[in-house]
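What follows is one structure encoded as structure tokens, with my remarks underneath.
The values are calculated or read from the model by the stated rules, or taken from the named source; none is laboratory data. In this text, all values refer to a predicted model and were calculated from it rather than measured experimentally. When we count neighbours, we look across all protein chains shown, and the Cβ atoms used for this are built from the backbone with ideal geometry, even at glycine. All accessible areas refer to the heavy atoms of the entire protein, side chains included, with ligands and DNA or RNA removed. Shrake-Rupley method; radii C 1.70, N 1.55, O 1.52, S 1.80 Å.
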Amino acid sequence: MKTEFNWDDTRVFLAIARTGTLSGAAAQLEMGIATISRRLDRLEKSLGVPLFSRHQSGYRLTDDGEGMLERAEALEYAGLAFSETAKLQGNIAGLVRIATSDNLATHFILPSLKEFLEKHPDLRVEVLSGVQSVNLHRRDADIAIRMVRPDVGNLTIKRLGTVGFGVYGAKAYVDDLNGLPGGLLLSEAQYVGWPESHQHLPAARWITRMLRGRPCRVEANTLVAQVSAVSAGLGLGILPHFMARKNGLQCVQPDTGADQALWMVMHSDLAGSRRVRAIADHMIEIFDEYKQQLTMP
């Protein structure tokens with residue numbers, strides 16, 4: 001006999017799915033392990049399906065559990081949106097997490113926050129930068145600024161602009177290439193390239209076409225590292241104009257066809273949140289202000 005479904009038990013389901021253990025879920029939700037176990041049992045009985053298989057190492061989602069995960073996350077976001085709606089008449093306050101790359105955080109986002117936060121003293125911002133991806137559906141972040149447009153999920157997406165890429169090198173390295181018989185030939189140069197895991201990037205594909213089967217002697221998986229390698233004279237690089245310009249690199253070819261659109265992404269249920277909307281509007285304003293710096297050599 002099924003018991004009545006209690007939607008709040010989905011919090012227990014999500015906590016176990018994310019931590020893999022009852023003790024981890026208990027710590028996350030600040031409940032006792034016995035309570036966690038009892039509420040999971042109640043949820044499975046109300047749904048009539050087993051959500052986890054129990055193993056010595058912890059709890060793993062069953063096929064039924066995997067199928068329920070997205071719907072449980074939707075319930076979580078609906079609850080969050082309900083809570084946010086109640087605060088719409090209040091001040092803009094709370095924490096907003098922005099996930100982005102190191103270079104965008106360093107050059108544009110972080111320098112813009114002082115004046116913005118002075119206008120909103122009750123707002124806090126956490127900038128999560130790096131190469132690792134974040135899951136907006138699991139609330140790893142509230143907003144993501146990225147150069148890859150997601151195509152799945154309940155997301156609100158806005159294009160912020162275009163990041164222009166060109167061929168750049170250290171002055172000494174470019175001078176050496178110019179001194180070769182026949183002058184600078186891009187097809188004969190060494191390049192700082194991307195590893196195999198990043199070959200889908202337009203810049204990586206451009207280098208592959210130019211090398212015609214030759215390997216890159218140096219590869220790096222972040223733009224910051226690539227700028228450092230190019231600055232050290234290890235080869236030419238396909239780099240964003242704004243980063244290369246700031247590091248004093250010499251532009252060899254301004255247009256490579258490797259430009260990438262810049263997107264702002266947030267979960268649709270958070271689009272009405274005043275704290276998230278305030279940050280989103282600020283991001284739109286900042287990247288509009290720097291649109292030319294992003295695009296032009």
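At-a-glance table
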read-out	value
Lysine pairs meeting the criterion (Cα under 30 Å, 8 or more apart or interchain), as found in the chain	15
FRET efficiency estimate (nearest 0.05) - Cβ-Cβ, residue 34 to residue 284, R0 30 angstrom	0.05
For the stretch 243-264 and the stretch 93-114, distance of Cα centres in Å	21
Accessible area (Å², per residue) of the chain, counting only protein heavy atoms and a probe of 1.4 Å	53
Residue 18 versus residue 149: modelled label distance in nm, points set 7 Å from Cα along the beta carbon direction	3.0
Net length gained if the chain between residue 199 and residue 178 were fully extended (0.36 nm per residue, minus Cα distance)	4.7 nm
Length added when fully stretched, residue 171-residue 110, from 0.36 nm per residue minus Cα-Cα	19.0 nm
Amide hydrogen neighbours beyond the local backbone of residue 128, cut-off 5 Å, H modeled	98, 99, 100
Inter-label distance, nm, simple model (7 Å from Cα along the C-beta direction), residue 49/residue 5	1.1
Computed over the chain: relative contact order in percent, which uses C-alpha pairs under 8 Å that are six or more apart	22
Residue 93 long-range amide H proximity, modeled H, under 5 Å	275
P(r) histogram, all alpha-carbon pairs of the stretch 6-74 included - 5 Å bins from 0, percent	3, 19, 32, 29, 14, 2
Within the chain, helix-based [θ] at 222 nm, where runs of 4 or more DSSP H residues each add -39,500 (n - 2.57), nearest 500	-12500 deg cm²/dmol
Built amide H within the under 5 Å cut-off of residue 162, gap 5+	262
³J(HN,Hα), Karplus 6.51/-1.76/1.60, whole Hz, each residue of the stretch 196-202, x for Gly, Pro	4, 5, 10, 6, 6, 5, x
Length released on extending from residue 218 to residue 71, taking residue separation times 0.36 nm less the Cα-Cα span	48.5 nm
